[in-house]
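The values are calculated or read from the model by the stated rules, or taken from the named source; none is laboratory data. Predicted, not measured: the structure shown is a model, and the values here were computed from it. For neighbour counting, all protein chains shown are included, and Cβ atoms are generated from backbone atoms with ideal geometry for every residue, glycine included.
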């Protein structure tokens with residue numbers, strides 16, 4: 001027979017930490033009037049989607065494609081297979097790329113860090129191809145890595161043909177997949193070192209200097225914005241993946257396929273404004289927090305044991321929802337020694353307005369061993385009386 005206990009939220013001296021992402025957006029419909037045919041707003045830490053619009057529609061996204069190129073580059077550096085100070089000789093094929101360029105010299109040697117800076121800040125296609133060739137030998141071999149990574153990440157609506165985002169038949173992604181790639185990039189602080197830079201320069205081996213200006217205007221004109229990518233071609237129209245951090249919460253806004261450049265910035269700004277004003281990320285509890293319940297222990301060195309949470313939880317809450325949180329604990333009537341600290345003994349459910357939104361393990365907060373011989377004899381005598 002088990003004990004079923006309902007407790008008001010925050011009455012149990014709880015605090016909380018990161019759950020799984022919501023399967024459905026927090027907003028049932030898009031709360032903003034957006035001209036973008038595809039859009040999505042995500043909280044980066046948990047991957048929770050706040051709202052979306054045609055988020056799975058396959059679309060070209062132009063230079064936003066480079067987010068995958070950069071993700072693979074940062075993963076390679078993290079594994080030790082590449083390094084920022086690697087020397088990269090730029091091929092003729094890389095130097096001849098069209099569209100956005102850093103105007104790299106064919107046959108000249110650049111540091112990998114310089115190429116990554118150019119690809120992030122000014123969306124340089126020549127730098128992206130030089131990175132790809134350095135890491136995989138050829139761009140086509142690198143594209144194979146891109147598609148393998150997309151499959152590994154479960155990106156069902158993404159397929160790459162090149163590493164730059166220049167128009168190509170069969171190349172597409174979607175707002176949801178872009179958000180997942182961007183979220184993965186958040187793990188690399190060096191990415192933000194470059195993506196938050198508004199203006200910089202690139203000095204070529206010949207001494208020639210190229211000015212680099214960030215294509216993401218929100219880096220300069222939206223407080224807290226520090227990264228991700230723009231993209232624009234006649235096929236993709238104007239696209240933007242932008243991120244900003246405010247009061248410890250990072251949001252990712254995706255706007256795809258709008259007809260003019262300013263609209264993508266305006267709509268991404270409106271999406272970020274909505275997210276920051278309507279939601280906060282609350283730490284609800286941490287692993288080891290006591291829930292205010294003690295269970296009797298049979299045959300133990302102590303007669304009862306405190307019960308704690310076995311994992312933590314943090315989540316997005318809409319304004320006013322905090323008061324609607326409550327907890328229900330499903331626990332046995334008693335435990336039998338020996339009991340080990342961390343031993344799972346039941347569950348605690350988190351409810352929002354009566355609906356279960358998370359289930360956490362309930363564990364013993366401390367060891368309760370069997371009693372020693374003298375203590376056991378004393379207990380037997382006490383019970384005999």
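Okay, here's what the table says:
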| item | result |
| --- | --- |
| Subset of segment 173-188 [more than 16 Å from residue 254 (Cβ to Cβ) and either surrounded by 15 or more Cβ atoms within 10 Å (Cβ to Cβ) or at pLDDT below 95 (or both)] | 188 |
| Filter result for the condition that a residue is in the same structural domain as residue 225 (by TED's automatic domain parsing), touching a strand residue (DSSP E or B) at 6+ places or on another chain (Cβ under 8 Å), more than 30 Å from residue 358 (Cβ to Cβ) and in contact (Cβ under 8 Å) with a residue 12 or more places away in the chain, over 104, 70 | 104 |
| Residue that is nearest to residue 323 (Cα to Cα), among those in segment 271-290 that are in a strand (DSSP E or B) and more than 17 Å from the chain's Cα centre (by Cα) | 284 |
| Residues located in segment 230-246, provided they are surrounded by fewer than 21 Cβ atoms within 10 Å (Cβ to Cβ) and more than 19 Å from residue 181 (Cβ to Cβ) | 234, 235, 246 |
| Unique residue being free of Cβ contacts under 8 Å to residues at least 40 places away in the same chain and either part of a strand (DSSP E or B) or in contact with a helix residue (DSSP H, G or I) (Cβ under 9 Å, 6 or more places away or on another chain) (or both) when the list is 268, 244, 329 | 244 |
| Residue in segment 307-325 that is farther than 30 Å from residue 249 by Cα, surrounded by 13 or more Cβ atoms within 10 Å (Cβ to Cβ) and modelled with pLDDT of 95 or more present | yes |
| Qualifying residue in segment 74-97 (condition: in contact (Cβ under 8 Å) with a residue 40 or more places away in the chain, assigned to a loop (DSSP other than H, G, I, E, B), under 24 Å from residue 158 (Cα atoms) and in the same structural domain as residue 166 (by TED's automatic domain parsing)) | yes |
| Pairs with Cβ under 9 Å, 6+ apart, first in segment 332-347 and not assigned by TED's automatic domain parsing to the domain that holds residue 361, second modelled with pLDDT under 95 | none |
